[in-house]
Protein chains: 2
Amino acid sequence: MNKILIVEDEDALRELIAFNLTKAGYDVIESENANDALIFIEEITPDLIILDIMMPGLKGTQLLQLLKRSPKFSHIPVIIISARSSESDIVEGLELGADDYITKPFSMKVLVAKIKILLRKKQEKTENIIEYKGIIVDLEKYKVFLNNKEITLTYKEFELLVFFLKHPKKVFSRSQLLSNIWGYDADIFTRTVDSHVSSLRKKLEDKGNLIKSLPKVGYVLD
Amino acid sequence: MNKILIVEDEDALRELIAFNLTKAGYDVIESENANDALIFIEEITPDLIILDIMMPGLKGTQLLQLLKRSPKFSHIPVIIISARSSESDIVEGLELGADDYITKPFSMKVLVAKIKILLRKKQEKTENIIEYKGIIVDLEKYKVFLNNKEITLTYKEFELLVFFLKHPKKVFSRSQLLSNIWGYDADIFTRTVDSHVSSLRKKLEDKGNLIKSLPKVGYVLD
DNA sequence: ATCATTTTTTACAATTTTATTACAAAAACA
DNA sequence: TGTTTTTGTAATAAAATTGTAAAAAATGAT
């Protein structure tokens, strides 16, 4: 189920939105300020954010900027809420990377429609991104992130990681890995796989031990 | 000057909008039904369309659908007008690809502000100038500037650069580049791409290393 | 046809990646 | 526990890939 974070300081409006989105079948998380929102985002990674850009404390625009600059969260679509009068806020928001906007007062049906459209768009994009326990792989850009830090892998290391990520918790023998990643036919004796696993683990730093070796069997990501 | 087509059957409202948009400096074309609108669109290709979705005859939604499915016109931003009561029309309109909406009755200031936002967005897309980290390409004049200094590229170098600029951060294999820029079908073995990348990098001087090579994968602009 | 320019190919150097090896460490086995 | 097998990994050798200058081929204008 899609998780939607609402960042809105006006209690009445926030609760109204929450009520309607829950009714529409979404999993709703409410935050009444941008600081708390950041914590929620870190913890639960919502699928979409509804953000009022006029708020006391950390400004909505600042939060937006923060999000759109982070590789981990930049893909989350953001709908900004703005007072009808302040068109300049909308322009600023859109320039910072907001995906859509809605002006107060607005109808809940329209909001839900916008959410549906954005979530659909997002899914198309997100298909090339794999995440597992803090490891993010962007298949299109050939990039790997540990939390927010990019690391550089060689081609085979990348392939190996992607293979594991695509089949988490599944055990593979060395010859299975050889045939799937290297395209070798036979159960040739070689230490190639071990060697690559070793260097991959090293580059994955603290996440390296997610690749476990099962003696006499093979390797698993777990 | 930007041409805006107003499709609205109520004379009073249409003329009111027309008056205000003219005052705001737009070139206004009025149409009182969707059928005529189609002809206008074909003939003058407006820069933006304001469309009432509740009209006799050919429905506004049908016109919208037609437009958004046509590759020739799908880029024209559409603002739909709807009675506040019929939210379902707005929802339908947004799903069909409308870019924004406004509910009756509305203030002309708000309408003009929305138009400004959409035209700005559109211009960014339609603009024949691409800029990326100090590299400016004028597609119309076939000119390239580094910072503000013009450099001369050959045809293929230019095409290659434009291709990269149109898909920044996306990785392309050599055969993808060959097929997209050269129009070659197969994964022919040739060093042509490398050779062009090399000379392009050289001409891009300090920006040359924006084109990165990913060993065993291809090239990216990043 | 000739000349200038652009594009492709070639050849070789430089770089990067990959596979192997060797030995240490850990695990399995008896 | 001692021995054997398996795994971890640094170092090195081998292979593959990439960079690029220069030659060859193609293109196009005069």
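The table that follows gives values for the structure above.
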{"read-out": "Test set (1) in the same structural domain as B:ARG174 (by TED's automatic domain parsing); (2) under 30 Å from B:ILE6 (Cβ atoms) - B:THR103 fails condition number", "value": "(1)"}
{"read-out": "Qualifying residue in the range B:156-177 (condition: more than 28 Å from A:VAL144 (Cα to Cα) and not acidic (Asp, Glu))", "value": "yes"}
{"read-out": "Single unsatisfied condition, A:ALA113 versus (1) farther than 16 Å from A:LEU204 by Cα; (2) within 24 Å of the chain's Cα centre (by Cα); (3) assigned by TED's automatic domain parsing to the domain that holds A:LYS212", "value": "(3)"}
{"read-out": "Looking only at the range A:104-116, and only at residues there that are in a helix (DSSP H, G or I) and free of Cβ contacts under 8 Å to residues at least 24 places away in the same chain, the one that is nearest to A:SER82 (Cα to Cα)", "value": "A:VAL110"}
{"read-out": "Failed item, numbered, when B:GLN65 is tested on (1) surrounded by 20 or more Cβ atoms within 10 Å (Cβ to Cβ); (2) out of contact with any Lys or Arg (no Cβ under 6 Å at 6 or more places or on another chain)", "value": "(1)"}
{"read-out": "Scope the range B:1-30; condition among the aliphatic types (A, V, I, L, M) and part of a helix (DSSP H, G or I); matching residues", "value": "B:ALA12, B:LEU13, B:LEU16, B:ILE17, B:ALA18, B:LEU21"}
{"read-out": "Residue match in the range A:79-89 (condition: closer than 20 Å to A:LEU119 by Cβ, within 14 Å of chain B (Cβ to nearest Cβ), surrounded by fewer than 16 Cβ atoms within 10 Å (Cβ to Cβ) and modelled with pLDDT of 85 or more)", "value": "no"}
{"read-out": "In the range B:132-180, the residues that are within 16 Å of DNA strand C (Cβ to nearest atom), under 25 Å from the mean Cα position of the chain (by Cα) and within 19 Å of B:VAL217 (Cβ to Cβ)", "value": "B:LEU160, B:PHE163, B:PHE164, B:VAL171, B:PHE172, B:GLN176, B:LEU177, B:SER179, B:ASN180"}
{"read-out": "The range B:174-197, subset near DNA strand D (Cβ under 9 Å from one of its atoms) and surrounded by 14 or more Cβ atoms within 10 Å (Cβ to Cβ), residue nearest to A:GLU159 (Cα to Cα)", "value": "B:ARG174"}
{"read-out": "Residue count, the range A:133-175 (criterion: touching a Gly at 6+ places or on another chain (Cβ under 7 Å) and not in a strand (DSSP E or B))", "value": "4"}
{"read-out": "Cβ-Cβ under 6 Å pairs, at least 6 apart or on other chains, the range B:117-142 side among the charged types (D, E, K, R), far side assigned to a strand (DSSP E or B)", "value": "B:ASP138/B:ILE129"}
{"read-out": "Those residues of the range B:25-57 which are surrounded by fewer than 16 Cβ atoms within 10 Å (Cβ to Cβ), of a type in the set (A, V, I, L, M) and over 22 Å from B:ARG69 (Cα atoms), in sequence order", "value": "none"}
{"read-out": "Filter result for A:GLY97 (in a loop (DSSP other than H, G, I, E, B) and either within 14 Å of chain B (Cβ to nearest Cβ) or under 27 Å from B:LEU111 (Cβ atoms) (or both))", "value": "yes"}
{"read-out": "Unique match (being under 20 Å from B:HIS75 (Cβ atoms), surrounded by 12 or more Cβ atoms within 10 Å (Cβ to Cβ) and not assigned by TED's automatic domain parsing to the domain that holds B:ALA98) among B:LEU119, B:LEU146, B:LEU139", "value": "B:LEU139"}
{"read-out": "Odd one out for B:PHE106, checked against (1) farther than 28 Å from B:LYS207 by Cα; (2) touching a Pro at 6+ places or on another chain (Cβ under 7 Å)", "value": "(2)"}
{"read-out": "Looking only at the range B:199-222, and only at residues there that are over 28 Å from the mean Cα position of the chain (by Cα), part of a helix (DSSP H, G or I) and more than 15 Å from B:THR152 (Cα to Cα), the one that is farthest from DNA strand D (Cβ to nearest atom)", "value": "B:ASP206"}
{"read-out": "Pairs with Cβ under 9 Å, 6+ apart, first in the range B:203-215 and in contact (Cβ under 8 Å) with a residue 40 or more places away in the chain, second within 15 Å of DNA strand C (Cβ to nearest atom) and among the aromatic types (Phe, Trp, Tyr)", "value": "B:ILE211/B:TYR219; B:LEU214/A:TYR142; B:LEU214/A:TYR155"}
{"read-out": "Residue in the range A:151-173 that is farthest from A:LEU214 (Cα to Cα), counting only those that are surrounded by fewer than 19 Cβ atoms within 10 Å (Cβ to Cβ) and within 11 Å of another protein chain (Cβ to nearest Cβ)", "value": "A:THR152"}
{"read-out": "Odd one out for B:ASP185 among (1) part of a loop (DSSP other than H, G, I, E, B); (2) over 25 Å from the mean Cα position of the chain (by Cα); (3) at pLDDT 90 or above", "value": "(3)"}
{"read-out": "Residues of the range A:209-222 classified as modelled with pLDDT under 95 and more than 15 Å from DNA strand C (Cβ to nearest atom), total", "value": "1"}
{"read-out": "Residue match in the range A:192-205 (condition: among the acidic types (Asp, Glu), over 30 Å from B:LYS170 (Cα atoms) and within 9 Å of DNA strand C (Cβ to nearest atom))", "value": "yes"}
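The values are calculated or read from the model by the stated rules, or taken from the named source; none is laboratory data. These figures come from a predicted structure and were not determined experimentally. Note that we place each Cβ from the backbone using ideal geometry, even for glycine, and neighbour counts take in every protein chain shown.
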